[in-house]
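Everything on this sheet refers to the single structure shown next.
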Amino acid sequence: MIIIWNFSAQNGEDSDGVSLALAAKLGLSNGITRKIAHFVIYSILGLSLANFFRSIRPKKFPNFKALIFSLIIAAAYSAIDEYHQSLIPGRDGNPIDIIIDSLGAIAGICIFVSIICLIRQKRIKRRKFAK
């Protein structure tokens, strides 16, 4: 969240410089690169939040409430961050970015749950094989 906040605190010129350099390396437009960055960084946030809630109650994970709470936190943070960006010179807050961020958080949460489920399946298979 601190990393996201710091990126959002960059003025328009500095932010464009970073995204234009990355866009050139990826061979994409600046706009597409920015949207991909939103999706990826919020997928990492969603994954991290899900992992945090799993660490609190590992036996009860995946817990639907914990997953929904992870999404709510990520989406709320996205809205706050977009508002923060609107206060920075040369930047604006874009409601579409909140949707992209939320979809990224959902993807991260889904990836995390999938990994946990795969690990559990492997453990079950090992236990059956050991017997």
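Please verify whether the stretch 78-85 includes one or more residues that are hydrophobic (A, V, I, L, M, F, W, C) and either modelled with pLDDT of 95 or more or under 15 Å from the mean Cα position of the chain (by Cα) (or both). Yes, the stretch 78-85 has at least one match.
Here Asp14 meets the list (1) more than 21 Å from Ile98 (Cα to Cα); (2) of a type in the set (Asp, Glu); (3) in contact (Cβ under 8 Å) with a residue 12 or more places away in the chain almost entirely, failing just condition (3).
The values are calculated or read from the model by the stated rules, or taken from the named source; none is laboratory data. Values in this document were obtained by computation on a predicted structure and should not be read as measured data. So basically every Cβ, Gly included, is an ideal-geometry build from the backbone, and we count neighbours across all protein chains shown.
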